[in-house]
Amino acid sequence: MKKKPTVLLILEGTYPYNGGGVSTWAHILCNEIKNVNFTLYSINASYEEKSKYTLSNNVKRVVQVPQWAPLEPKELIDYGKKYYKLVFKKNYNDEAIIDEEFIPLFTSFLKNIKATDSDTAELDTIIYKMWRFFQQHDYKKTMQRQKVWQTFYDISKEDLLQDNDTETTLLDITEGLRWIYRFLIPITIKVPKCEISHITLAGFPILPALVLKYKYGTPIIVTEHGVFIRERLLAINAAEYSFFLKKLLIQFSEAITKLVYYKADLILSVNKFNMTWEKLYGADTSKIKVIYNGIDHELFSPKPKPDHLKNTPTVVAAARVFHLKDIITMIRSCEVVRKQIPNVKYIVYGDDNAVPEYTDECNALIQELNLQDNFIFGGITNSPNLLYCEGDISILTSISEGFPYTVIESMSCGVPVVATDVGGVAEALDESCGFICKPRDFEEIGNRVIELLQNDELRKQKGINARQKVIDYFTIGTFISEYEKAYESVL
């Protein structure tokens, strides 16, 4: 029997250790795809001890890279490199080689990502040479060399002079080098040989895929959910970093995004909206294909509303509580609804401990608006197919999305949706199935919720239409078939 090819599925902060839309997508892929096996390459902030999911037999191995842990990944995990070789690298007296070989590379790397229009082909060559260097020399020892710091400091000072920046501190510059140190860690780690690399965002997870590309010519597929660079720009804009750090992170992120599209053999977008951003950052349109997410419409099916909520107008949401989901706008929409429907109840299911400071901000607003009886965080649920049926309608208030599972899951359950017009939402949801509103417009969102809650006939018809649209376009069978064809095409 012919051995199945293996896909290195490269993820960041999601599957199999955390929930969310990308994890749902990955779990379906790993369970349902029949023509390949999977090795999971999971990049996380810190070391994760336990998988959140029961993994399919198609998953043959999990490689974890704790990118921001206090200890180096190689000090926490065995990546198959013999220990004596690691010790030899650390103890080998190669300061002169670092100065002669690595410093020119590092200088070129910094100047490339800081250039107004970075040369992507040149950046690819530089990263290849850096990877080759770290095959023979210790990463930590190299990056902690005083001359590496001096190089970064000197180039940063040139930037500060050009920008007339007098606010940036030595601590900011140190933090900038620390970021670069952490982001580049994957090029130093041994990557298991696979026949395909599949990355789940067009960002820094490209590095392990590049290692396989350099070593074996392994083809690269990238699936865009929410557009990495768009969400990164939104996050940076909202962050309280110095101008120097914001500029560095934008420059580095944009250069890496262009490199992803340059090296990818196939770009799979979960919606048509993403294509605008992909083209903007240099993607070859002949490489782009849209594959919509799909769900099990028999699992996500209409069910009676629970008895304890039957007489309560209820709005449900499945959302991780953080800024991109804009729960603040959802809370403000609840206040709008309560003025006309005093006993309305919003229930938000999802991780409310992911970003504690944002959850604190949400709870403070709930207290301020006196919505404690109307707006509830329901925590993580292990039965997402049941949560939508608790609501008369569901809601999504995100400021950025790919092709959200929460929308098509709710539609499949016959529950109409009020959602913001972001990402591919409008490609799934139309006026026959619910309402689409402007992001952050809590008045419009609240008024649409009121309209659906007060009009039983309209709400029922939209629910019927929503269910039918999922059956027609967004089933799991179509989704899996398209991915199996995609894997075949690059092989």
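The values are calculated or read from the model by the stated rules, or taken from the named source; none is laboratory data. Just so it is clear, the structure is predicted and the values come from calculations on it, not from any experiment. Note that each Cβ is placed from the backbone with ideal geometry, even for glycine, and that neighbours are counted across all protein chains shown. Side chains are part of the model used for accessible areas, which takes the heavy atoms of the whole protein and leaves out ligands, DNA and RNA. Shrake-Rupley method; radii C 1.70, N 1.55, O 1.52, S 1.80 Å.
The figures follow:
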item	result
Local electrostatic count at T406 - Lys and Arg +1, Asp and Glu -1, tallied over other residues with Cβ under 13 Å	0
Surface accessible to a 1.4 Å probe, W277 within the full protein complex, Å²	60
Cα centre as origin, Lys/Arg/Asp/Glu Cβ charges: segment 292-412 dipole, Debye	400
Rounded to the nearest 20 debye, dipole of segment 337-491 from Cβ charges on Lys, Arg, Asp, Glu	460
Long-range amide H partners of S398 with built H, under 5 Å	T420
Probe 1.4 Å, protein heavy atoms only - accessible area per residue of the chain in square angstrom	44
Accessible area, probe 1.4 Å, largest first, for residues L212, L280, L386	L280, L386, L212
Spatial extent of segment 394-491: Rg and Dmax, with the Cα atoms as the point set, Å	15.0, 54
Whole-Å distance, taken between Cα centres, linking segment 414-466 and segment 101-173	48
Over segment 350-491, relative contact order from alpha-carbon pairs under 8 Å, at least 6 apart, %	19
Per-selection Kirkwood Rh - segment 122-206 (Cα, Å, 1 d.p.)	15.1
Axial C-alpha extent at least 27 Å, average Kyte-Doolittle at least 1.0 - helices from the chain (DSSP)	none
Rounded to the nearest 10 Å², the accessible area of S42 at probe 1.4 Å	0
Accessible-area composition of the chain, carbon plus sulfur, in percent [1.4 Å probe]	49
Cross-link table K60/K140; K190/K213; K2/K52, entries beyond 22 Å C-alpha to C-alpha	K60/K140; K2/K52
Ellipsoid semi-axes in whole angstrom, largest first, where each is sqrt(5λ) of the Cα gyration tensor of the chain	43, 27, 20
Sum of side-chain charges, A96 neighbourhood, beta-carbon under 15 Å (Lys, Arg +1; Asp, Glu -1)	-3
Reachable aspartates and glutamates, given that their alpha-carbon falls under 17 Å from the alpha-carbon of K247 and they are not under 8 places away in the same chain	D117, D154, E158, D159, D163, D165, E167, D172, E175, E231
Normalised contact order of the chain, rounded percent, pairs of Cα under 8 Å and 6 or more residues apart	13
Net charge dipole size for segment 1-147 [Lys, Arg +1 and Asp, Glu -1 on Cβ; Debye, nearest 20]	700
Accessible area of E12 in the full protein assembly, 1.4 Å probe (Å², nearest 10)	60
Solvent-accessible surface ranking, highest first, for T174, T397, T166 at 1.4 angstrom	T166, T174, T397
